[in-house]
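Since the structure comes first, as structure tokens, the remarks are kept for the end.
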Amino acid sequence: WVHRLNHATWLWRFHSVHHSSVNVDWLSGVRMHPLDSILSRLCVLISLGVLGLPIQFSATYLWFLQFHSVLVHASVAWTFGPLRYVFVSPVLHRWHHTGPIEGMNKNFAMVFSFYDLAFGTFYMPPGREPLRFGAEPDDVPDGLFRQLAYPFRRGAPGPVRRYN
């Protein structure tokens, strides 16, 4: 749900830094605004705490999420076959990194793709891969310091437009 909020609220200003990569590869998994990263991980930790899971599990799960993020952003054509309906694959997640017309407002799940199936946001056309990547509008600047400042500048974009 936090990932969906990142696309539909003022949080897009921070999350758009992650989506600004025009070449999605394993490094895209760690290209995030620090506040986006902190908020996402904090929500995971709070959720796991509410479920009563021990802190050791939470720490291990955060390491797993980081590894999985690098994996699903890798530039490989892995679909995971029938397991694509259970786990997010690199191809499934690449559709999430396209523009709004192609599929950006789909595939919000971080690990388990059955959430996207349940909420109607699963999108992976068979035999196709996305043609274009990057945030829209395309005004996320290049450079570390400009990207860190980007969400705070006047006129930074709001949520992603919906095209369904």
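The values are calculated or read from the model by the stated rules, or taken from the named source; none is laboratory data. As the structure is a computational prediction, the values presented were derived from the model and not from experiment. With ideal geometry, Cβ positions are generated from the backbone for all residues, glycine too; neighbour counts draw on all protein chains shown. Note: areas computed on protein heavy atoms with side chains; ligands, DNA, RNA excluded. Shrake-Rupley method; radii C 1.70, N 1.55, O 1.52, S 1.80 Å.
Taking the criterion of being open to solvent by less than 50 Å² (accessible area, probe 1.4 Å) and more than 12 Å from the chain's Cα centre (by Cα), the residues of the stretch 87-102 that qualify are 89, 91, 99, 100, 102. Filter the stretch 77-110 for residues that are aliphatic (A, V, I, L, M) and closer than 21 Å to residue 37 by Cβ and give the result. Those that are aliphatic (A, V, I, L, M) and closer than 21 Å to residue 37 by Cβ: 88, 104, 109, 110. State whether one or more residues within the stretch 3-11 are surrounded by fewer than 21 Cβ atoms within 10 Å (Cβ to Cβ) and either without any contact (Cβ under 8 Å) to a residue 24 or more places away in the chain or farther than 25 Å from residue 139 by Cβ (or both). Checking the stretch 3-11: at least one residue is surrounded by fewer than 21 Cβ atoms within 10 Å (Cβ to Cβ) and either without any contact (Cβ under 8 Å) to a residue 24 or more places away in the chain or farther than 25 Å from residue 139 by Cβ (or both). Looking only at residues of the stretch 18-28 that are in contact with a His (Cβ under 6 Å, 6 or more places away or on another chain) and buried (at least 22 other Cβ atoms within 10 Å of the Cβ), we find that the one that is nearest to residue 130 (Cα to Cα) is 24.
All of 47, 58 fail the test of being open to solvent by less than 10 Å² (accessible area, probe 1.4 Å) and among the polar types (S, T, N, Q), apart from 58. Whenever a residue of the stretch 97-125 is over 13 Å from residue 4 (Cα atoms), its partners that are open to solvent by less than 10 Å² (accessible area, probe 1.4 Å) and of a type in the set (Gly, Ala, Ser), lying with C-beta atoms within less than 6 angstrom and at least six residues away or across chains, give the pairs 123/103. Go through the stretch 35-44 residue by residue and tally those that are open to solvent by 40 Å² or more (accessible area, probe 1.4 Å) and closer than 14 Å to residue 66 by Cα. The qualifying residues number 3. Taken together, the criteria exclude residue 91 from residues that are more than 24 Å from residue 20 (Cβ to Cβ) and aliphatic (A, V, I, L, M). In the stretch 116-164, the residue that is modelled with the highest pLDDT out of those that are hydroxyl-bearing (Ser, Thr, Tyr) and buried (at least 17 other Cβ atoms within 10 Å of the Cβ) is 121.
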